[in-house]
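See below for the structure under consideration.
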Amino acid sequence: MTDTVQRPTASLTRKDFVSNQEVRWCPGCGDYSILAQMQKVLPELGIPREKIVFISGIGCSSRFPYYMNTYGIHSIHGRAPTLATGLACVHPDLSIWVVTGDGDGLSIGGNHLLHCLRRNVDINILLFNNRIYGLTKGQYSPTSRPGHKTKSSPMGTIEQSFNSLSVALGAEGTFVARAVDVHTKQLAYVLKRAAEHKGTSFVEICQTCIVFNPHEWDYVTDADVKDDSTLMLEHGQPMIFGKNHDKGIRLNGLKPEVVSLGSGVTEANLLVHDEFAEDPTLAHLLSRMGPPNFPTPVGIFRCVEKPTYSELMLGQVEEMTRQRGAGDLVKLYRQADIWVVNEASEGNGR
Amino acid sequence: MSDLVGVVPSPGKQPVDSILEEVDTVAVRFAGDSGDGMQLTGTQFTNASAVLGNDVSTLPDFPAEIRAPAGTLAGVSGFQVSISSHDIYTPGDAPQVLVAMNPAALKANLPDLEPEGTIIVNSDNFTPPNLKKAGYDSNPVEDDSLRGHQVIAVPISTLNRNALEDIEGLSNKEKDRCQNFFALGLTFWMYDRTLDTTLKWIQEKFERRPEVAEANARALKAGYHYGETTEAFRHRCRVPRMTVQPGTYRKLTGNEAMALGLVTAARRAGQTLFYGSYPITPASDILHELAAMKNFDVRTFQAEDEIAAMGAVIGAAFGGAFAVTGTSGPGICLKSEAMNLAVALELPMVIIDVQRGGPSTGLPTKTEQTDLLQVMFGRNGESPMPVLAPCAPADCFTMAIEAFRLAVRAMHPVVVLSDGYLANSSEPWRIPDPEELPAIEVRHRTDPEGFFPYIRDEETLARPWVLPGTPGLEHRIGGLGKQDVTGYVSYDPQDHEHMVKIQAEKVARLANAIPEQPVFGPEKGDLLVVGWGSTFGAIRSAVMDAQSAGKSVAHAHIRYLNPFPRNLGEVLSRYRQVLVAEMNLGQLAMLLNVRYARRVTQLNKVQGRPFKIAEILRKINEIVR
Ligand code: SF4
């Protein structure tokens, strides 16, 4: 697949990122909105199109690279982070995006996701969380709520679900964020910030699978309730939410609690968000919040600077080169006990 | 002997007159507890002999457990080395000398010893508890059970302690750890080796701990001197230097050779070498070697698992690096899925399988050739895989370069089948001039004009290798069914069959790029012995023996297993019978049967150990009377 339209970076538009492939998600799928935001955000980043690579695994979300007119690999189930890691090691100048889902990223590919985060490989991971297996037609996923009735769990699942943000933070993620497919502005903002972050950016996108799990995210998407059930995180700001901006999060000992502003509670009593906190405790605390007792935080939970994997890898290459000089094969072959045979002779040869 | 002045191993004794006999070839096995340093002892004996101009061939044999209980059969570690004044291809069928540091080492290795072979034991370790641990009811050195062998009981522990008595700053335990060098010194006396190589090694190795260097050097000299002054060692042997092609030589193992070959291929092509791997016996040494070569623009990645290692290699290959992974059979099982993706993506990379005993975890430290059919066919769908097999430790160097040459030519993954024996055994290697080695030409397409990701070269059928970052060539590739040329996702029946066929044809066409199958021996005749991989040495030696006995026997060793050399079918047809010897139940035999409809006789061994020359010779003699 190729589209050979070439434009200078400055004048790239959304269209430059649209491939010639027909998009084949179900009508109404949340993936459309994510694709549109991605194609809108990329021209704004100032990265030449040829420097952008999308890598995916298997699942509905993993069709994403086919629809992006950039470099791309549609790989195998759960393994996209591994390909991205290898590519980042040899091409640290690329903007590499991994598109995955809750099954691809947290079930079959869970191990790779963890280690990619831990290593802080300079890539951006978008995990489309619809809490269901869509492509295989409706089995429960590792993020399905306990008790969720699906084709493979007619009596409800008996499994504890993963909290993907807690997992990412537990794996030492340096950039951890959440966005919602239909909150386009906020999604665009998070995508941009993810792109700018050096190291692994992990973004969970609450995505509606209209066919197999249509109401999963109603509480964060429905206009009527969303303001009361989501908390928009803003760095340096007190945590206030609610349609009337009258509710907040206060820390009571080690536990957060929802309080109403007024009647003695002021903004000064509220928890203030700090994306850049070196210690992940606050981010972790936020990642545990959600229904029924808490609003669902949306935005950037954590954004800290640490050396990336390829920086450290190349640093060692340079360090050894400085110590020993650029590799010389002649010398390398002789790094052993050597002996010289002078006189020509018949021998059996070898 | 001036360097030995001052060492008094057994007070009051004077050097005895000794007889020095010239022999052609000798094989010695050092055996002890895995903590006794037998690998090191054997390596030092090998190095000293190589430097003296002998051909050498080694076979280490160590337990899978790092520290099995001391004194038990499970914990026995051995190292066999054969030294010769002419070309040798194996470490010898049966050693003439066994150095056994304890009863378990004796028990485990005695069956391999030559019927009249010499046994040197550390008699200090033949105590009742040790005898019991090894399962001996009585002391074999004292009862009559070793009859036929020359048994020399040496109180190595005591003599070693005495020799090191006045060294300050070392505990008795540390002094005892020099016992292996005492034993080594003794064998140096027996085979008239100079101590220089090992003394130099000791000085370098223990530069920072002079007292340890001193202790090891003294133990070595004490062992040598003990031989000199003891009646039992009057009879000595010397293996004269062999006549070889002039040049600079070193010794190297298959794993070392593999690492050197990989880095050479990448350097000669001016590319980054990316090695993604997960630790696994017996392949890990390749990772260790390469991790220490970062100044050659080598990037090593120790992945979280075998799957990730293979995935990362694909990513690196997509990025234009010379990408390679190394593993063993159990790792190939895990990598198969990603290897299949590599076939579908048509990207060049190398997969090294250092085979070991299977199935499952099997025999991690033992050798076998049981992954041939796995790498050929062990993937879903029609997934053709080129397969190469080096035949000797140094050949791993050549075949690593070959693998990259073919991978780049066809834009396809290539498997190299090594095995535990090749990986760990060593042989002398005439150091080449890197400038004279083939440079692999790499072309990354940059021209957008008429570009499609699966547009093919007419001759090789390879698709273009495009680096991400190249403007105007943005494209997507994937594991889904696709149309040729455009690479568009397609489930069309015709597109699919065309793609399957063209990939098969692409791999088949590599036959045009590899040498024809050479034959050693008569061009036609009674019997052709066919082998692949590490069985080369044993087969070649057996065939040479049969030829000297006047038999019409030839040897063809196949280093290119897929595709086969283009003349192979014709070669097989020139002999009345074909014998395929391999360390499995007949995997190459099956491929030959299917491909050439050629009935073959099989010789199979699946014991985790290489063939002995005699085993192959016996079979040859059965067939050609
Ligand atoms: S199955 Fe669900 S997730 Fe998949 S495309 Fe359809 S709506 Fe989207």
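Here are the numbers for the structure shown:
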{"read-out": "Condition met for A:Ile76 (within 16 Å of the ligand (Cβ to nearest atom), modelled with pLDDT of 95 or more, in a loop (DSSP other than H, G, I, E, B) and at the interface with chain B (Cβ under 9 Å from one of its Cβ atoms))", "value": "no"}
{"read-out": "Strands (runs of 3 or more DSSP E) contained in segment B:236-307 and holding at least 2 residues within 21 Å of A:Met313 (Cβ to Cβ) and within 12 Å of chain A (Cβ to nearest Cβ)", "value": "B:273-277, B:298-302"}
{"read-out": "Search result, residues across segment A:43-61 that are touching a residue at least 60 places away in the same chain (Cβ under 8 Å) and part of a helix (DSSP H, G or I)", "value": "A:Glu44, A:Leu45, A:Ser61"}
{"read-out": "Check on A:Gly86, of a type outside the set (Asp, Glu), within 16 Å of the ligand (Cβ to nearest atom) and either surrounded by fewer than 24 Cβ atoms within 10 Å (Cβ to Cβ) or in a helix (DSSP H, G or I) (or both)", "value": "no"}
{"read-out": "Pair list, Cβ under 8 Å, 6 or more apart: segment B:478-501 residue over 13 Å from B:Tyr454 (Cβ atoms) and not assigned by TED's automatic domain parsing to the domain that holds B:Leu345, other residue acidic (Asp, Glu) and in a loop (DSSP other than H, G, I, E, B)", "value": "B:Val500/B:Glu382"}
{"read-out": "Strands (runs of 3 or more DSSP E) fully within segment A:142-238 counting 3 or more residues that are in contact with a Ser or Thr (Cβ under 9 Å, 6 or more places away or on another chain) and more than 16 Å from the ligand (Cβ to nearest atom)", "value": "A:175-180"}
{"read-out": "Leading residue by the ranking (surrounded by the fewest Cβ atoms within 10 Å (Cβ to Cβ)) among those in segment B:213-235 that are more than 12 Å from B:Phe181 (Cα to Cα) and hydrophobic (A, V, I, L, M, F, W, C)", "value": "B:Ala232"}
{"read-out": "Pair list, Cβ < 6 Å and 6+ apart or interchain, from segment B:152-180 residues that are aliphatic (A, V, I, L, M) to residues that are assigned to a strand (DSSP E or B)", "value": "B:Ile152/B:Ile120; B:Ala153/B:Val121; B:Ile156/B:Asn122"}
{"read-out": "Options A:Asn129, A:Asn120; residue that is in contact with a Lys or Arg (Cβ under 6 Å, 6 or more places away or on another chain), more than 10 Å from every other protein chain (Cβ to nearest Cβ) and modelled with pLDDT of 95 or more", "value": "A:Asn120"}
{"read-out": "Some residue of segment A:131-140 being more than 16 Å from the ligand (Cβ to nearest atom) and small (Gly, Ala, Ser)", "value": "no"}
{"read-out": "Odd one out for A:His112, checked against (1) within 16 Å of the ligand (Cβ to nearest atom); (2) in contact with a Pro (Cβ under 6 Å, 6 or more places away or on another chain); (3) within 21 Å of A:Ala168 (Cβ to Cβ)", "value": "(1)"}
{"read-out": "Among the candidates B:Met583, B:Met544, B:Met590, residue that is of a type in the set (A, V, I, L, M, F, W, C) and under 20 Å from the mean Cα position of the chain (by Cα)", "value": "B:Met583"}
{"read-out": "Set B:Ala27, B:Ala104, B:Ala50, B:Ala68: member being among the small types (Gly, Ala, Ser) and within 14 Å of chain A (Cβ to nearest Cβ)", "value": "B:Ala50"}
{"read-out": "Elements of type helices (runs of 4 or more DSSP H) in segment B:66-173, at least 2 residues being closer than 30 Å to B:Asp545 by Cβ", "value": "B:103-109"}
{"read-out": "Which numbered condition A:Asp104 misses (of (1) away from every other protein chain (no Cβ under 14 Å); (2) within 13 Å of the ligand (Cβ to nearest atom); (3) surrounded by 24 or more Cβ atoms within 10 Å (Cβ to Cβ))", "value": "(1)"}
{"read-out": "Number of positions in segment B:300-357 that are among the aromatic types (Phe, Trp, Tyr) and within 16 Å of B:Ala266 (Cβ to Cβ)", "value": "2"}
{"read-out": "Which listed residue, of B:Ile401, B:Ile431, is of a type in the set (A, V, I, L, M), within 28 Å of B:Asn340 (Cα to Cα) and within 14 Å of chain A (Cβ to nearest Cβ)", "value": "B:Ile401"}
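Residue-wise test of (1) under 41 Å from the mean Cα position of the chain (by Cα); (2) modelled with pLDDT under 95; (3) farther than 30 Å from B:Thr43 by Cα; (4) surrounded by fewer than 20 Cβ atoms within 10 Å (Cβ to Cβ).
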site	(1), (2), (3), (4)
B:Ser426	yes, yes, no, no
B:Ala439	yes, yes, yes, yes
B:Pro448	no, no, yes, yes
B:Ile455	yes, no, yes, yes
B:Glu459	yes, no, yes, yes
B:Trp465	yes, no, yes, yes
B:Pro468	yes, no, yes, no
B:Pro471	no, no, yes, yes
B:Thr486	no, no, yes, yes
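Residue-wise test of (1) over 25 Å from A:Thr82 (Cβ atoms); (2) in contact with a helix residue (DSSP H, G or I) (Cβ under 6 Å, 6 or more places away or on another chain); (3) acidic (Asp, Glu).
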{"site": "A:Phe128", "(1), (2), (3)": "no, yes, no"}
{"site": "A:Gly134", "(1), (2), (3)": "no, no, no"}
{"site": "A:Lys137", "(1), (2), (3)": "yes, no, no"}
{"site": "A:Tyr140", "(1), (2), (3)": "yes, no, no"}
{"site": "A:Pro146", "(1), (2), (3)": "yes, no, no"}
{"site": "A:Lys149", "(1), (2), (3)": "yes, no, no"}
{"site": "A:Ser152", "(1), (2), (3)": "yes, no, no"}
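The values are calculated or read from the model by the stated rules, or taken from the named source; none is laboratory data. What you see is a predicted model, and the numbers here were worked out from it, not measured in a lab. Virtual Cβ from ideal backbone geometry, glycine too; neighbours counted across all protein chains shown.
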